[in-house]
1. Cα axis of helix 217-229 to longest principal axis of the chain: angle in degrees, 0 to 90, nearest 10?
2. Calculate the dipole size of the stretch 178-317 relative to its Cα centre from +1 charges on Lys and Arg beta carbons and -1 charges on Asp and Glu beta carbons; express the result in debye to the nearest 20.
3. Please arrange Trp162, Trp244, Trp10, Trp204 by how many other C-beta atoms lie within 10 Å of their C-beta, fewest to most.
4. Order by neighbour count: Arg195, Arg56, fewest other Cβ atoms within 10 Å first, most last.
5. Specify which residue in the list Leu13, Ala23, Leu270 is farthest towards the positive end of the charge dipole of the chain, using unit charges on the beta carbon of Lys, Arg (+1) and Asp, Glu (-1), about the Cα centre.
6. Quick check for the chain: number of Lys pairs with alpha-carbon distance under 30 Å, counting only pairs 8 or more apart or on different chains?
7. Could you give the nm distance between label points at Glu215 and Phe199, where each point is 7 Å from its Cα heading toward the beta carbon?
8. Using the alpha-carbon centroid of each, what span in Å lies between the stretch 63-93 and the stretch 5-39?
Amino acid sequence: MQKALRFGPWPDLGYADSALDRAAHIRNDPRLLGDYAARESSSFYLIGGETVLLKRSGDTFDPMFSPREVAALPCGPDRVFLGLLNDVEARFGLSLPQQAIEALTTDKRFHVTDLRTIAVQNLVKAVHLAPIAEAKALLHWHARRTFCSNCGHRTEVVQGGWRRDCAACKAQHFPRTDPVVIMLAVRGDHCLLGRQTRFVQGMWSCLAGFVEPGETIEDAARRETLEEAGIRCGKVRYFASQPWPFPSSLMIGCHAEAISQDIVIDHDELEDARWFSRAEAASMLMRTHPDGFGTPPPMAIAHHIIRAWVEHGDGVFG
């Protein structure tokens, strides 16, 4: 086993560890949910597509809006119940139409931005990231599931936004979460990182791909690594997971033991892929690599997967 390396406190993982109790037991009570929505102790996160509305106060931002503030804004019809804080304070997600977003962009009382920027730049307190991600993913689903996929009839929102029912064919529709494996293939003192064309200059990351029907997490990690980079893997170990609301995925982090070395890049998936030494990966995490290479920011699970291997080497396999 390689010697452990350590370099500072472990960063928080973005969009994870929600403080809310999702309180599924009250989703079927529309009267109670309506009562919660009217209470001044309740708060709303306002989201339109990929954007989030923040209140501006000097150099700080607040993502929560009171019922009174919501009533004065041109909000959309979609409201989702996110959960309870301390059993009494309700949190909701509320849609914003595109026209409203465009109008509010020029209003100096507000700041309109996207959730990724909010997380990377720490624009709001970390406690808000998970419920905002929950709201964004759920509202995105509602925006694209107005009609029944079974018969085409318009559906109705029930269970506080956690289900849509079709009155015509009685089909029930539930929010979808797509499982994605994101893995770091390692071989001895080197790890495999790749680049996509959409990445910022100099950034390298773990490989990733969707889990297919009838496939285990381990098999998906092996298949995606082979398809994208031509590297065969044996042992695969689960590391951690992260909700990824772009639009609605669950990133399943793994470490994979590479049993081959020659890279064959699928250029439809990757711009480039190469092996990096453990020392190089450490410098990339700390933004000190001589070529300006770096890893994804600390809020992303890829950062954590790479750091775990840099710190513990083969210890990640148990």
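Read-outs throughout are calculated quantities, based only on the coordinates presented, and are distinct from any laboratory measurement. Source: prediction; values computed, not measured. Neighbour counts run over all protein chains shown; Cβ positions are idealised from the backbone, glycine included.
1. Helix 217-229 sits at roughly 60 degrees to that axis.
2. The dipole of the stretch 178-317 has a size of about 480 debye.
3. Lowest to highest Cβ neighbour count: Trp10, Trp162, Trp244, Trp204.
4. Arg56, Arg195
5. Ranked along the dipole, the leading option is Ala23.
6. Values: Lys3/Lys235; Lys55/Lys108; Lys55/Lys125; Lys55/Lys136; Lys108/Lys125; Lys108/Lys136; Lys125/Lys136; Lys136/Lys170.
Lysine pairs meeting the criterion: 8.
7. Taking the two extended label points, one gets 2.0 nm.
8. Rounded to whole Å, the Cα centres lie 13 Å apart.
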